[in-house]
Every structure is written in C-alpha cells, then in structure tokens.
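Before any comments, here is the structure.
The values are calculated or read from the model by the stated rules, or taken from the named source; none is laboratory data. Keep in mind the model is a prediction, meaning the values are calculated, not measured. With ideal geometry, Cβ positions are generated from the backbone for all residues, glycine too; neighbour counts draw on all protein chains shown. SASA here: full protein model, heavy atoms, side chains in, ligands and nucleic acids out. Shrake-Rupley method; radii C 1.70, N 1.55, O 1.52, S 1.80 Å.
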Number of protein chains: 2
Amino acid sequence: MAGKPSIPSGTRDFGPEEVAKRQYIIDTIKQVYHRYGFQPLETPVMENLSTLLGKYGDEGDKLVYRILNSGDFLKKATDTDLQERNIAQLAGVVSEKGLRYDLTVPFARYVVMHQHELSFPFRRYQIQPVWRADRPQKGRYREFYQCDADVIGSNSLLLDAELILMIRDVFEQLRMNVTLRINNRKILDGLAHYADCREQFNELVTTLDKADKIGMEGVQKELTTIGLNEEQINKITDYLGFRGDNKQKLHYLENILQNDIGRQGLEELWELKDRVAEYWSNHVEVEIDLSLARGLSYYTGTIYEAVSRDVQMGSILGGGRYDNLTGIFGLPNMSGVGISFGLDRIYDILNELNLYPATILRSSDVLFIPFDLTCEKAALHYADEFRHNGLRVEVYPDVDTKLGKKFKYADGKGIHFAIMIGEEEFKGGYLTLKNLQTGEQMKTSQKEAIDRIKSS
Amino acid sequence: MAGKPSIPSGTRDFGPEEVAKRQYIIDTIKQVYHRYGFQPLETPVMENLSTLLGKYGDEGDKLVYRILNSGDFLKKATDTDLQERNIAQLAGVVSEKGLRYDLTVPFARYVVMHQHELSFPFRRYQIQPVWRADRPQKGRYREFYQCDADVIGSNSLLLDAELILMIRDVFEQLRMNVTLRINNRKILDGLAHYADCREQFNELVTTLDKADKIGMEGVQKELTTIGLNEEQINKITDYLGFRGDNKQKLHYLENILQNDIGRQGLEELWELKDRVAEYWSNHVEVEIDLSLARGLSYYTGTIYEAVSRDVQMGSILGGGRYDNLTGIFGLPNMSGVGISFGLDRIYDILNELNLYPATILRSSDVLFIPFDLTCEKAALHYADEFRHNGLRVEVYPDVDTKLGKKFKYADGKGIHFAIMIGEEEFKGGYLTLKNLQTGEQMKTSQKEAIDRIKSS
C-alpha cells in the first residue's frame, strides 16, 4: 500500500493535453461519420463470455480478459478440477463475463438482438476502448480505442466506395499522408483456384498475411511446409512479385484469374476503383495490393488497410466486406462492410509529426487575480459575467499567494490574460487587464476586457 | 452458442437516439467545466487491485470487479487453499487487476504520480464509466458513468462556491428543477461534541445518512443500539427535527454549537451561503440540510448533494471538500473539493420528463435515391459536394429496391428530404428534391437544393 502507485502495464493515463489531442482525432472521425449518415452505438465494456469466445480463433480466446465471478467464485468448481489445477476447465467456471475484445462482435450481437427495430441498411459507428491481454510493445496497448463504422443489410458496392471516401475525408482533415491498400478476398479465392490449392486456403491466407515480414523466401518455405509443389509455389510467388501500377495489376489479374470467383473479385475491384477514381487527394494514395489478406477474418469481399507514408508503424486502419457476420448469432445472410480506425496509432503518429492545430490546446482564456477577500467576491461576480459571455475563466483562489506564483500558474496553463482586482479597482469600478504574452497592462471596463480577450 | 445473445445484467446497449441524448448531457456538463477552467483527465479502466482495495471500506472491496490473471491463474495458489476453497485468500492470488470503481481514487493516484508536473491548484474533470458488482435496480446499474470535477491544492472557500455555480449552470442548461442540499462535515463533528458522543462519530454519521429512509423512530432506535443515553438522543433528534429556512437553521446552529470545530463549520457554511446568495436561479434551490452526511467518505468540510424536484430518484449529484485524499498514496495535506454528476440518473430523469431539445435527435439531412447504376455514380458525386457543404447525406445503396421502401427508410430515420436522380434528371442536369414532410416536390439545381435543405 505504501509503495509507489502505478498503473497496469499496457494501459495509460491521459492528462489534459493528451485528452485534448485524442478528442481532436475522435471529433474529426465522428464528424465525417455523421456526414455520411452514420449513427452512434455504444455497447457495454463487459460482455458475456458466451458472446466473446469462439469468435476470434484460439489465439484470440486466450487474449480475452475474463472477469472473476462475484462472491464464491469456486461454487461450480469440482474438487477434481481444483486438485488437478485444470486451468482450462476452471477458467470457464470461475468467470462468466469478459472485457470487449473488439467492436465488431458486439455490433453483430446488437444487430441480432434489435433486428426488428432497426432500419436496414443500418449505418452505425462506434468509438470505444477494447482490451487484449497481449504483450505490450510500440503501437500495441492492452487498453486501446477502435473507431468503427459499418453498414449492414446491403451488398451494394456503392457502400464499399463510400467507406473509401470516408477514409479519404478523415486523413485529409487530419493532414496525414497515407497509402490505402485495397484488395478483394474473392481474388485470393481465385488465386487458390489458379494455383490449385483451395484445400490449403486458410494456410495460404495466413502466409500472404505475413509476406511483408517474412519476405519471398519465407513465403516459399511456408508454402512448401503446407505441401505445395514447385508449380503451385511459382504461381503464387509470381502473383506476389508482380509489380506495376493499379491498372497493370488489374490487367495481370484478368490474365491469370480464369475462374468464376476470381473473375467476380476482379470485377468488384475494378468497379470500385472506377467509382472512387475521381475523388483522390494528395494525402491519400490508393494502391491495389495483391498481397493484402487481412488475416483469418470474416471478410468475403473488398478489404482495406491503411499505413502512414511518414512514420513506420503497422496499419492504422483496416476493414472490409463480410457476408455472414451476424450468422454466428443466428441471423444469416446479412451482408455488410466496415472500417476501423486505430485511434492510438494515429495519435502516436500525429504526436511524432506534431500535426495538431494550436487552438485545441487552448486552456482558460483569463485568470482573475483578486488581492483580498472583498475583491475575491467581486472577482466571482465578474467571472460569472465573463463565463456567460462564453469565456473560459479561472479565479485564483488563494489571495495570500505571491503574485509571481500566480503569473507562473497562468503561464504553466497557457493562459494569455490576467485581470487584477485590488482595492483601487474595486473602488474605481474598473479592471486591470494584463496581456501575459506582451506584458501590456491597461485599465478597462468589463465590456472592453471581454471584447479584447475575445478578439485576441 | 446457438442460444439467443444477451448482455450482462446491470449493463446496457445505447442505440443512436440514446447515445445522442447521453452525449447532450455530457456535452452540457463538459462545456460548463471548461468555462470554469477545468481540464480533462482520462485514466485506464483497469487499475491495479493495490490501488483500488482498502479505499471504499469492506463493503466496497466486495463490489470491485476483479480481472482473472492471464495464463496459469492458479500459479501462486497453494494446494491447501485450493483444497479448502479459501476464497478470500485465492481471490488475491488469481487476480491483480480490477475495474475502476469510481473516479476519485484514480484521480488521487494520478495526482500523486504526476505531482511534479502539475500546476496547483489543479482543476481536472473526468467523465468515464465505473463498475460495481451491486444488485441492479431502478437507477442503479453495474456499469455507469460518473462526471467528476475536482480542484486540489487549495483550501479556499472560493472554490466551494465556484462548484456550486457550476452545479447551477449545469442544471439550468438542462432545464432540470433540483434542490441542492449543502452541509459541512465540521458541523456534524460539532454535533458529536454537543451531544457528547465523539467516540461514536462514525456510527452517528451512518445513522444520519439513512435518516431519510428509517425516519426519526429508526434513528432513535439506532442511537440507542450504539449506546447513547436519552439526553444525547434528544439533542440529536432535536437537531434533526429542526425546521426553518436557511437563515433560521444557521441561527439555530449558532445556538447549539459552542465548540471550536462546530463554530468553524458554521462559519464556513455561512460564508459559503453568503458568497453564492446573489446567483440563484429558478431551477436550482439551495437548502441547508442538517441531516446531510454523505456516508463514511473522505469529506472533511462542505458537502453537497442534489435531488430532482420532479422525479423521485436518489441523489443525482454528490461531492464535498476533503483534506487528505492523496494521503492514501503518500502525499498528505492536499486539500481539495469536488463534485460528481450521476449521468445515468440524470438521463433517466430527462427521459421521464422528455426534456431533450429536438435538434439533438436529427439524423441525416437528405437521402439520395438513384434509379440505376449510372445515376448512382452521379449521386455519389453530388453527395460528395453536399457533404463538403456541411450536410449529412446518405445515398440509398440498392437501386432495385422499391421506392416506397426507400421513403419508409427515410421516415424511420427521421430524414426530411429526398433527392431523386433518374435518367431524366441525369440527362437534364438537374435534381428532383422532395420534402418528405409536406410531400412537395420540385426540380432544382445543386446549389438551390443545398440552400433549401440548409434553411429548412
């Protein structure tokens, strides 16, 4: 108890400046979501484990934080399990709830629970923290925010295109230079056809997903391990090694994908590129990335991923189209498409590049400094008027503190004006306004002081 | 798995309308906090149990949600403890982290950890959810929001007064009729002196705290149980039974409190009343409440509590002055004062009284309805222009859906305008704008449509 207080590893406190910066990012994303007709949803931090488990693969299940049941948490544990320290069995018995692992599964649960009240296609956004019992490292936290937007209840490519425009708007407003990589899961399906390895599709996707990290040799090694022959491997490495602009990539795919599913993916990708082609900006570059796979996820069509062009740091946005997200909860055949901005990495990048507008870091507009208790009462009265005029006002509370310390306090908080009220001011019915940046000092009326501060 | 999905009891999903309403309350509180120079702090949902436990009393400790350690959570459990199902011992061994129980303890921890970087008096606000493993009932949830503001590092009564003005501003803006009860812990101390029962001070406070519920007879019974004699009990019941306006109460206290601590409390209360007297509003009524005790908390001076005058529902705000909040983490003698709005009860009350401004429930401004895929492309283009003009726009994605269903969708989301684009409009270069509330329909240019929607 007497030890130094601390917080759990992988979590963070956010002080005033940090909250202001994060709020700026969240507000930017929110505003774009609103402009595209998305509406907010918030789900509980605690979910039943029956909702969470089995949705993220075995590895994912291990990373779910579990909440110990209240009271006698061993009530349902058998003597044998306790004696044998049967962790796997006991984990399911001592806890029934867990912390939200992402925003997608709670979204699917919500849609299924409220399917009869919602208007489809349902556009929702959700900006909330999630938790993973992962090993913390640069850009990876145990408690972090996701900023999701999904439309469910339509398979129209229009929506895939609109999400790309939303991504453009967000990064443009944040003035971040990013590359948006797009691909289509059906093309990967077509590749498996083409290389005649449909049975190893999951392993193929896993391998493509880490091609960035393990390089072409690593890919060849993995593909050998899963039992592909030289011809199959050559086809896949040719595909991965293809270099060219977006148009050349599409033509290359046209050549190799002679199967239905692959053709369909190609058509969707082509159509999508066509729809968004006229909207490009300097900040966001779109690149068709044939290696993009987005792991073993529920995606079935378009997939997205964005990375910064200025700072080296994993993906800062992911997403894609899915055909059966709500199927896990008993509502099949609901097609949808979604994206998720990684707030914490975007925050880290904006910090590194110092891309925040100066205005968001503004603290109070003015500090009132009364010289005695009578003046303090007057200051409270003036402050009330200033606040009703929309200004942010502090009254320094301890009249006996030295004036220098009060100015230092204003400086520490970035406050640009001080108003001093002593006996003279009180009797004379005026205020002494000091500009703390220039040192300029003047007698003013209340109205003049408000105007001067507002127009500064 | 195949069962119907659900959420843990005592937690809630918030759909679009609910989030908009809650956000309105939060924004109102935040804006007032900013105007008084308070700055935001956010702390992690997960805290170390060493931070949380021992701060809320034995009952509180039982209500803290604990997080099961990852991996082999029985690693540090002894065979004996397992065999004997020693819950108390095992709870400390299988979990090291818990969910935030309030915002005050994390605030104290933060101040101690960052004491050398902060400018004192430090004004912070914090609006985040907290968790308690309590039995859910009306107005009581297991996951709920607190909206705290504290100033630490000054014992000036000016700050006690400013918090009262903040409370007034918030309830005035929310148009809620409330009674703000105030008292001072030093007066209760003085009462214990007066009734010669300083040794039973904790029990006295606990009894006063529930006087509302148990009535005067209940109070007498409890006081007998803790060993007070008739004279002592009479003094306390006289005190509790005193009726009068604020001024009469102050005079009554002046009469009975002939001890130092009681006089000091009385002086503070008088001074506070004096400072805020000129600022009253119709919405907020201030009442000196001699029975107000605020439980067995860390308060040492002014205490506040607010209740609705229109809806029966426990307290919706609490707070007070404390002299030693950070002492528990090794930083003694930091006086501070704070308040906490209960978002969830305020939300329930505003719902019951339907006090939300209509504008906050606005969804999209306009729904674009393209009649074929070529028109869809044009619609995407128009939508982009409308959005850059600040409008909230949706494009209906499935061209084959019947028009009636599309209007119904707009209706369900409260969208007031539709813009239809068919072959005619596309070739003619105009838009067909329909006001969905009046049924009025007209050909317009893009600019005219934007102006009409904006000015509606």
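Using C-alpha pairs under 8 Å with a sequence gap of at least 6, the mean separation divided by the residue count of chain A gives a relative contact order of 15 percent. Rounded to the nearest 10 degrees, the inclination of helix B:343-353 to the longest alpha-carbon principal axis of chain B is 60 degrees.
The other copies place their A:ASP27 label points at 1.1 nm from this one, listed shortest first, where each point is 7 Å from Cα along Cα→Cβ. With label points set 7 Å from Cα along Cα→Cβ, the inter-copy distances at A:THR179 are 6.8 nm, sorted shortest first. Using the Cα gyration tensor of chain B, with a ≥ b ≥ c the square roots of its eigenvalues, what is the shape: rounded (a/c below 1.5), prolate (a/b larger than b/c) or oblate (neither)? Since a/c reaches 1.5 and a/b is larger than b/c, the shape of chain B is classed as prolate. Over the stretch A:137-209, the pair-distance histogram of Cα-Cα distances with 10 Å bins from zero comes to 13, 29, 36, 20, 2 percent, rounded to whole numbers. Given R0 = 41 Å, the distance between the Cβ atoms of B:GLU254 and B:MET313 translates into a calculated FRET efficiency of 0.75. Can you find, among B:GLY190, B:PRO136, B:GLN115, the residue sitting farthest towards the positive end of the charge dipole of the stretch B:93-193, where Lys and Arg contribute +1 and Asp and Glu -1 at Cβ? Farthest towards the positive pole: B:PRO136. State, to one decimal in nm, how far the label point of B:ASN333 lies from the label point of B:GLU199, with both points 7 Å from Cα in the Cβ direction. Distance between the two pseudo-spin positions: 3.2 nm.
Inter-copy label distances at A:GLU271, using a point 7 Å along Cα-to-Cβ, come to 7.5 nm with the shortest given first. Here is the P(r) of the stretch B:362-455: all C-alpha pair distances, binned every 10 Å from 0, give 17, 57, 26, 0 in whole percents. Can you pull the percent of chain A's accessible area that's carbon plus sulfur, 1.4 Å probe, other chains left in place? Answer for chain A: carbon and sulfur cover 45 percent of the accessible area. With a Förster radius of 22 Å applied to the C-beta separation of A:GLU352 and A:ASN282, the computed FRET efficiency comes to 0.65. The residues of the protein assembly as shown expose, per residue, 42 Å² of accessible area to a 1.4 Å probe. In order along the stretch B:60-73, the Karplus-derived 3J(HN,Hα) couplings, from 6.51 cos²θ - 1.76 cosθ + 1.60 at θ = phi - 60°, round to x, 3, 5, 8, 6, 6, 9, 9, 5, 4, 6, x, 7, 6 Hz, and Gly and Pro are given as x.
Both radii were evaluated on the Cα set of the stretch A:63-183; the Rg over Rh quotient, with Rh as the Kirkwood radius, amounts to 1.12. Rolling a 1.4 Å probe over the protein chains gives B:PHE329 an accessible area of about 20 Å². With contacts taken as Cα pairs under 8 Å at a separation of at least 6 residues, the stretch B:362-455 carries a relative contact order of 31 percent. In the structure shown, do any of A:LYS75/B:LYS221; B:LYS213/B:LYS249; A:LYS247/B:LYS413; A:LYS55/A:LYS249; A:LYS273/B:LYS447; A:LYS273/B:LYS402 have a Cα-Cα gap over 30 Å, and if so which? From the list (A:LYS75/B:LYS221; B:LYS213/B:LYS249; A:LYS247/B:LYS413; A:LYS55/A:LYS249; A:LYS273/B:LYS447; A:LYS273/B:LYS402), the Cα-Cα distance tops 30 Å for A:LYS75/B:LYS221; A:LYS247/B:LYS413; A:LYS55/A:LYS249. Using the average count of surrounding beta-carbon atoms within 10 Å as a protection proxy, the listed peptides A:138-150, A:241-253, B:192-204 rank, highest first, as A:138-150, B:192-204, A:241-253. Chain A against chain B buries an accessible area of about 9200 Å², both chains summed, 1.4 Å probe radius. Between the alpha-carbon centres of the stretch B:375-425 and the stretch B:246-277 there is a gap of 65 Å. Normalising the average separation of contacting C-alpha pairs (under 8 angstrom, six or more residues apart) by the number of residues puts the relative contact order of the stretch B:101-204 at 20 percent.
In chain A, the longest principal axis of the Cα atoms and the axis of helix A:16-35 are about 60 degrees apart. Once the partner protein chains are put back, the stretch B:139-167 shows a loss of at least 40 square angstrom of accessible area, versus the chain by itself, at B:GLU143, B:LEU158, B:GLU162 (probe 1.4 Å, ligands and nucleic acids excluded). Using the alpha carbons alone, the radius of gyration of the stretch B:46-134 stands to its Kirkwood radius in an Rg to Rh ratio of 1.08. If R0 is 51 Å, the Cβ-Cβ spacing of B:THR444 and A:THR359 corresponds to a FRET efficiency of close to 0.90. I need the Debye-formula profile for the stretch A:173-296: one equal scatterer per C-alpha, no solvent, reported as log10 I(q)/I(0) at q = 0.18 1/Å, two decimals. Once normalised to I(0) and log-transformed, intensities are -0.95. Equivalent ellipsoid of the protein assembly as shown: semi-axes from √(5λ) of the C-alpha gyration tensor, largest first, are 54, 36, 26 Å. The angle between the Cα long axis of helix A:260-276 and the main principal axis of chain A comes to about 30°, on a 0 to 90 degree scale. Over all directions, the projected convex hull of the C-alpha atoms in the stretch A:340-409 averages 7.3 nm² in area.
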